[in-house]
1. Nearest 20 debye, what's the magnitude of the dipole of chain B about its Cα centre given +1 on Lys and Arg Cβ and -1 on Asp and Glu Cβ?
2. What percentage of the solvent-accessible surface of the range B:247-360, computed with a 1.4 Å probe over protein heavy atoms, is contributed by carbon and sulfur atoms?
3. Over all residues in A:88-97, what is the mean tally of Cβ atoms on other chains that come within 10 Å of each residue's Cβ?
4. Please calculate the 1.4 Å probe accessible area of B:ILE149, with all protein chains present, and give it to the nearest 10 Å².
5. Enter the accessible area of A:GLU43 (Å², nearest 10), with the probe set to 1.4 Å and all protein chains included.
6. Return the single residue from B:ILE107, B:ILE258, B:ILE194 with maximal mean-square fluctuation; model: Gaussian network over chain B, springs between Cα atoms under 10 Å.
7. Kindly write out, for the range A:162-172 in residue order, the coupling ³J(HN,Hα) from the Karplus curve 6.51 cos²θ - 1.76 cosθ + 1.60 (θ = phi - 60°), rounded to whole Hz, with x marking Gly and Pro.
8. Accessible area per residue of the range B:98-232 at 1.4 Å probe, in Å²?
Amino acid sequence: MTQLSVLYRLLVRRQLTTGRWFLFGGFGLAAMAVAWAINRSSEGAQAATDVTEFIYLFGIGLMVPVIALVLASSSLGELVEDETLVYVWHRPVARWKIAMAAWTAAASIALPFTAVPLMATAAIASGDFTSVAATGAATALAVVGYSGVFVLLGLVVRRALVWGLIYLVVWELFVSRAGTGAAKLSINTYPSSVLSRLTDIDLPLADRAMASGIIVPIAIAVAGIALAGYRLRSIDVA
Amino acid sequence: MSNPNAPTPDHPPTAPSAIGHPGNGHPSTDHPPTDHGGVDQVLAGAPAAVEWPPADATVVAYDVSRSFGGVVAVSNVSVAIRPGVTALLGPNGAGKSTLLRMLSGQIKPSVGRVWVAGGDPRQDGEARGRVGLVPQQDGVFERERGIDIVQMAAILSDLDNPDERARWALDLVQMDPDLERPIGSYSKGMRQRIKIAQALVHDPMVIMADEPLNGLDPKQRRQMIDLFHRLGESGKTVLVSSHVLEEVERFGSHVVVIARGRLAAQGDFREIRALMDDQPSRVRVVCHEANRVAAALINSGSLVGCAVNHPGQIEVTTTDVRRFRRELTAVCADQRFRLEEVMPLDDDLESVFRYLVGGS
């Protein structure tokens with residue numbers, strides 16, 4: 001095993017708690033229940049539009065950020081809180097590897113818990129392959145970006161979950177939807193733009209170019225990992 | 001051409017840069033640091049040694065301080081630790097854990113600098129790799145098995161045979177490597193031994209242990225003390241913090257005493273005791289004809305006080321134990337008194353500690 005893989009294994013095992021299985025499963029079931037309702041109430045192009053808007057609002061707007069927040073902020077944040085970070089930190093390991101392992105652990109759990117139920121939602125509601133594929137791509141990009149930000153948040157503040165929720169509600173749900181300028185500074189707008197471009201369905205403030213829709217979440221993740229690695233160099237671990 | 005003062009894993013930097021407070025006895029950038037390791041801080045007039053830090057020191061703190069909010073936990077402490085076992089002691093809340101955390105790199109000094117096994121443990125991964133740390137906090141990864149944690153430590157230290165090394169380390173602390181239960185189900189003593197095993201798995205040059213005997217039963221304590229002794233005798237630097245004096249005394253005679261965030265003393269506690277001019281030593285003399293011996297000793301001039309409390313037993317107070325012993329021997333030889341026992345009453349660690357901490 002390499003340093004990166006042993007860290008990844010440790011962090012993944014800590015993440016999978018029973019409470020989280022229920023929380024994440026609950027989100028997925030709720031999404032699929034709505035998909036079933038859409039399927040019953042509309043069909044064809046209308047069903048595709050309805051489900052895409054639902055995925056934009058509920059999936060990428062709420063479910064993905066919340067799941068990424070729970071996983072990524074605790075990935076290293078919990079180790080700081082319970083003072084076990086020292087067992088990893090005190091070893092001769094490059095700091096970026098610790099940050100990278102935390103991001104990978106969070107993203108690799110968040111992805112199946114979000115992409116699978118949301119793609120199932122698209123499939124149930126519309127049965128349209130494009131809609132399913134676009135949902136998968138947008139969800140993956142949202143997981144990538146949000147996980148990067150929240151890994152860093154877990155190292156920078158105590159009670160990262162609370163601060164993360166405040167950020168999501170105040171910035172991502174309200175301020176960023178006030179206009180195009182603010183939307184540019186929202187993570188949400190980039191995967192939403194990819195969803196909009198691929199499905200060819202207009203979504204509010206989701207008008208970024210395809211390239212920026214892909215590149216920006218990845219760049220945010222890289223920046224988040226780099227800054228988390230930098231933070232690990234100066235952090236007090238006891 | 002290499003700089004002879006450059007730090008290496010074996011030699012600490014002799015002239016610390018970017019620190020120094022001329023006039024307070026601490027090392028400065030202008031003057032090579034001289035020995036100010038505790039004893040001479042506590043005891044005015046103690047002779048300064050020739051070199052500070054000593055060339056063989058593996059752990060050096062240069063004038064470190066640390067405060068939390070407005071509270072100063074450790075203030076202007078300079079220590080140099082050599083190979084062997086050194087006990088870091090002080091009352092609860094004295095700052096010894098804060099000092100150990102600074103020395104191990106877990107927290108950054110507010111002021112000052114730390115050098116451990118070749119570098120700054122916060123910045124230098126290689127230096128950190130030469131240190132084995134037993135942290136004070138109880139939390140270990142609860143869902144993992146003991147061997148998982150020790151193996152992880154081996155992998156993170158880039159060792160070739162992590163499984164083999166983990167088993168070796170667990171064997172050192174007498175833990176079963178095949179125990180399948182997660183650490184969450186372990187007793188405190190078992191957790192403590194896992195913490196020690198993970199610290200030793202990479203055979204470090206320096207071992208720092210914060211209250212490592214907490215939670216161990218008497219037999220396990222004895223085993224761990226023996227283990228630390230063996231490590232010290234094999235040339236490793238073992239720095240162990242404890243607030244239990246009885247434990248510390250069993251670790252050996254080298255101590256660093258912290259009281260109210262300051263260095264109260266450093267060195268062999270018997271030597272420290274000998275230098276405490278302001279604390280006369282008490283010695284019990286058991287002999288025949290105690291009254292006559294006492295009378296002869298009073299005339300000799302080396303005593304501060306003398307009392308015959310029991311028949312055949314004299315308790316003397318002296319500021320110069322060596323001179324007293326010489327005079328006692330001379331008196332007994334001249335007058336043919338039979339001497340049975342001479343026993344110091346307050347040169348044990350507890351007395352030294354009481355004098356140091358009480359006077360801080």
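The values are calculated or read from the model by the stated rules, or taken from the named source; none is laboratory data. Since the structure is predicted, the reported quantities are computational estimates derived from the model, not experimental observations. Methodologically, a virtual Cβ is constructed for each residue, glycine included, from the backbone with ideal geometry; neighbour enumeration extends over all protein chains shown. Accessible surface is based on the protein model in full, side chains and every heavy atom, while ligands, DNA and RNA are left aside. Shrake-Rupley method; radii C 1.70, N 1.55, O 1.52, S 1.80 Å.
1. On the way: 38 positive and 46 negative charges, 126 e Å.
Using Cβ point charges on Lys, Arg, Asp and Glu, chain B gives about 600 debye.
2. Numbers: 2710 of 6010 Å².
The value for the range B:247-360 is 45 percent carbon and sulfur by accessible area.
3. Numbers: counts 4, 6, 16, 14, 12, 7, 1, 1, 0, 1.
Whole-number average of other-chain Cβ neighbours for A:88-97 is 6.
4. Solvent-accessible area, nearest 10 Å²: 0 Å².
5. Surface open to solvent at A:GLU43 totals about 150 Å².
6. Among B:ILE107, B:ILE258, B:ILE194, the largest mean-square fluctuation in the Gaussian network model of chain B belongs to B:ILE107.
7. Rounded to whole hertz, the list is 5, 4, x, 5, 4, 4, 5, 5, 6, 8, 6.
8. Working: 4750 Å² over 135 residues.
Per-residue accessible area for the range B:98-232 comes out at 35 Å².
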